[in-house]
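Have a look at the structure below, then the notes.
The values are calculated or read from the model by the stated rules, or taken from the named source; none is laboratory data. Here the structure is a predicted model, which is why all the values come from computation and not from measurement. Glycine also receives a Cβ, built like all others from the backbone with ideal geometry; neighbour counts cover every protein chain displayed. Accessible surface areas use protein heavy atoms only, side chains included; no ligands, DNA or RNA. Shrake-Rupley method; radii C 1.70, N 1.55, O 1.52, S 1.80 Å.
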Amino acid sequence: MKSWKPDHRSVAATGRLRQTLLLFSLAVAVLLAACGTTSSSSGVSPAETALPAPTSLPAAPASLTSSGEMAPVEAEPQLPATVVDYQGEQVTITSIERIVSLNGDITEIIFALGMGEYVVGVDSSATYPPERTKTLPNIGYQRRLSAEGILSLNPTLVIGDEAAGPPETLAQIRAAGVPLAITADPPSLDAPQQKIRFVAQALGIPQRGERLAARVEAEIAAARDLAQRIANPPHVLFLYLRGTDVQQVAGRNTPVDVMIAAAGGINAAADAGIVEFKPLSPEVVIAAQPDVLLVLDKGLESVGGVDGLLKIPGLADTPAGRQRRIIALDDLYLLGMGPRTGQALTDLTIAFYDAAQGSRP
Amino acid sequence: MSAAMTITLQRIAGWRRTGLLPVLILALAVAVALGAGIGPVVVPPDVMLAILLRKTGILLDVPVSMQQEAIFWTIRLPRVALGVLAGAALAVSGALLQGVFRNPLADPGLIGVSSGAALGAVAVIVLGISSLGLMTLPLAAFLTGTATTFFVYRLAQRHGRTDVATLLLVGLALNAMAGAATGLLTYLADDAQLRSIVFWTMGGLGGALWETVLVAAPWIAVSLALAPRLGRALNLFALGETEARHLGIEVEQVKRAAILLSALATGTAVALVGPIGFIGLIVPHIVRLIAGPDHRLLLPACALGGASLLVLADLVARTMAAPAEVPVGLITACAGGPFFLALILRARRQYGWG
């Protein structure tokens, strides 16, 4: 069995840099806390020089584990395996020879568990690990799947999360007698561990799942600890952009709201009374007065980069716009609630911390 | 036009009339075989036969893989069957309504079935109702679709008579109201619901299961079986309502039957496959241009033609960009539009219209 390895030297280097940064910012934070509220500007300056500028924050570091690869505990998957899906149905899996994964986060988890070599098909939201997902047969978009495309790959297991659909397609796969394992995906920080345990159980490697889940849980907890040191939480406005046609902000009850809060920020849209996704308007922007703009890589690209973004009415006149505090992260990395969620949280926390320092009077 | 030429034209018309149904039956058989056989996994005819016979207990000496059987039996066959039912239902409804309204632009959308069904479907999606599982949405769409038609009919009725012009206008008004309500619900929908609404509105046969086919079959079969009985009456309708009445036709009864049958057939089809446009409008015209306006031939020919067209359009829709699917309505419009246009232009030259 092949175990997961980071692919580039530079990746490992990024990981080490990240660790150093994390330790360093922790140390600064502890120092600040020790100093009480009398944090002088001289005490903050090292942090400002050491932390990356928000606009240049590296998107999606590819390192899966910061400490190296995972040694498999179970030599062989224990099959048949049984899981209880999100609707309480029992699913029995007798073979994992050919896996079709219906969602990007689930694909990422399978690869993180070191079982990527069994995957024979992924959906179009699967972007990680990039060099592997790009070459695998694509079954289309996760919410618009077709049973025929999936069954033509001759799968022995079809696995995904609640976002997979439409339900008729899932019913067809079940009717064709192929084991179909669908996990719940609540918009909370329990989701990564929950999904990892589910996938590992389905693949017959529960112990490996436990270890990965425990590590992700610890990473998330560490990031949240770090986030609590942010004394002056910045107002963060998340923008979902697809060119000039689709421009939305995310309020309460969205996965990104969970991420912003956990990373020590205030979701400016939720603060302005917005629930779920609503169209972006200059009024919303002015009411929100964000210190930081959070966008997805593809979204930023679709409006023509930072300069294009700041041409959207209202944005240039916010604190975030004036100081060009823009964080761009990969879709699956920021919102996937998968194995890298702890790292994404750490990224956000560091950026928020930086913003909080910068916006201090 | 010389006498000899007139006779030749009549002869061709005669041949077309007698030959049309056998040709269409053959076309439907070919369409079904292609639709069930072609896709990401090819199922050759001998394998199809082996799988079908195995279901009846006869074993053939043809190697059949599990995968072929799963795809053919649980995915393609229900899908093709649903395509046959829905295509026939839409085309026959179109022919019935064009006959009753004496209006070549009449289609099943006119009497409110489609917009009513859309309202029901969108309401189920936005309000998150799922008490009957996968059948919740089709049932709601069917009920609101047929209910809307019922309202259109009742509102247009006065002293036991329905005026065709009033019927059209009432249909227009109720379509607008249902559209507004659907728009309001769409506005209230969240992101995921919005996506479901868009997918439903595009229509498609992708969700076909045997259960779906079994639910649709009785309603559509009854409508298709009863429709040709109206053939003679609809032929006389073409002379005008008053003339038809003088010739002994129960005009109101025929109108009611035609509207009821098309509401039943279209309501079922739209509920299960979504609004697939164009078939109800175009197939009757094509058949009329080929074989003339006799409804006794038109109605069964529309059933066969509509079924073949939808099955073939669906085949193109799911193979063109496989494994993703193009909305089948796009294909019917793309293929039917130019064909229809060519027929009209040719007929104009031939008979010297306009």
When you check A:Lys311 against the structure, is it open to solvent by 30 Å² or more (accessible area, probe 1.4 Å) and either modelled with pLDDT of 95 or more or assigned to a strand (DSSP E or B) (or both), yes or no? no
When you look at B:Arg288, is it out of contact with any Cys (no Cβ under 6 Å at 6 or more places or on another chain), more than 14 Å from B:Gly87 (Cβ to Cβ) and either free of Cβ contacts under 8 Å to residues at least 24 places away in the same chain or open to solvent by 20 Å² or more (accessible area, probe 1.4 Å) (or both), yes or no? yes
Any residue at all in segment A:122-138 that's hydroxyl-bearing (Ser, Thr, Tyr), modelled with pLDDT of 95 or more and open to solvent by 10 Å² or more (accessible area, probe 1.4 Å)? no
For segment B:46-105: of the residues being surrounded by 14 or more Cβ atoms within 10 Å (Cβ to Cβ) and of a type in the set (D, E, K, R), which is nearest to B:Arg161 (Cα to Cα)? B:Arg102
Sole residue being surrounded by fewer than 24 Cβ atoms within 10 Å (Cβ to Cβ), in a helix (DSSP H, G or I) and β-branched (Val, Ile, Thr), chosen from A:Ile260, A:Ile230, A:Ile220: A:Ile220
Out of curiosity, is B:Ile249 out of contact with any Pro (no Cβ under 9 Å at 6 or more places or on another chain) and outside any helix (DSSP H, G or I)? yes
For A:Arg324, all conditions in the list (1) open to solvent by less than 10 Å² (accessible area, probe 1.4 Å); (2) in a loop (DSSP other than H, G, I, E, B) hold save one; what is the number of the exception? (1)
Segment B:38-58, residues that are touching a residue at least 12 places away in the same chain (Cβ under 8 Å) and within 14 Å of chain A (Cβ to nearest Cβ): B:Ile38, B:Gly39, B:Pro40, B:Val41, B:Val43, B:Ile51
For segment A:110-195, please list each of the helices (runs of 4 or more DSSP H) lying entirely inside it that holds at least 1 residues being in contact with a strand residue (DSSP E or B) (Cβ under 7 Å, 6 or more places away or on another chain), within 12 Å of chain B (Cβ to nearest Cβ) and closer than 27 Å to B:Gly207 by Cα. A:147-151, A:167-175
Residue hits (segment B:10-44; at pLDDT below 90 and either assigned to a helix (DSSP H, G or I) or buried (at least 18 other Cβ atoms within 10 Å of the Cβ) (or both)) are B:Gln10, B:Arg11, B:Ile12, B:Ala13, B:Gly14, B:Trp15, B:Arg16, B:Arg17, B:Thr18, B:Gly19, B:Gly39, B:Val41
Quick one: in segment B:206-220, which of the residues that are facing chain A (nearest Cβ under 10 Å) and not charged (D, E, K, R) is surrounded by the most Cβ atoms within 10 Å (Cβ to Cβ)? B:Ala208
Selection status of B:Leu309, open to solvent by 20 Å² or more (accessible area, probe 1.4 Å), under 17 Å from the mean Cα position of the chain (by Cα), more than 14 Å from chain A (Cβ to nearest Cβ) and more than 16 Å from B:Ser223 (Cα to Cα): yes
Checking A:Gly209 against (1) under 29 Å from A:Asp347 (Cβ atoms); (2) in contact with a Gly (Cβ under 7 Å, 6 or more places away or on another chain), which single condition isn't satisfied? (2)
Of the conditions (1) under 23 Å from the mean Cα position of the chain (by Cα); (2) touching a residue at least 24 places away in the same chain (Cβ under 8 Å), the single one that A:Leu153 does not satisfy is (1)
